[in-house]
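Reviewing the structure listed below.
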Amino acid sequence: MKFDLLQGLGVLLLVLGAQGAIRLLIDHDQLGLLGGLDAGFGGTVAMYVVAVVAGAVLAGWARDRAKALGRRK
């Protein structure tokens, strides 16, 4: 159950990060969820990319762990 939740959290991070980065690249003035951090355009894009990478790594790791325990095929 723990790895299922972690995989879901990883996918959520991946989707929100990708959506935010794409939106920011299209409309530079709309910083989205991370707009309150005042990191500017480059810093905000970098944070969205970090969220995408962290989400992909977390989801992949959780899936591998669940597979090792026999919960996935």
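Each row is one residue, and each column tells you yes or no for (1) closer than 30 Å to G70 by Cβ; (2) of a type in the set (G, A, S); (3) surrounded by 13 or more Cβ atoms within 10 Å (Cβ to Cβ).
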{"position": "D4", "(1), (2), (3)": "yes, no, yes"}
{"position": "Q7", "(1), (2), (3)": "yes, no, yes"}
{"position": "R23", "(1), (2), (3)": "no, no, yes"}
{"position": "L37", "(1), (2), (3)": "no, no, no"}
Tally, over segment 39-73, of residues that are outside any loop (DSSP other than H, G, I, E, B), surrounded by fewer than 16 Cβ atoms within 10 Å (Cβ to Cβ) and of a type in the set (K, R): 2
Test result for L34, in a helix (DSSP H, G or I), modelled with pLDDT of 90 or more and either among the hydrophobic types (A, V, I, L, M, F, W, C) or touching an Asp or Glu at 6+ places or on another chain (Cβ under 9 Å) (or both): no
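The values are calculated or read from the model by the stated rules, or taken from the named source; none is laboratory data. Predicted, not measured: the structure shown is a model, and the values here were computed from it. Neighbour counts are summed over all protein chains in view; Cβ atoms, including those assigned to glycine, are modelled from backbone coordinates with ideal geometry.
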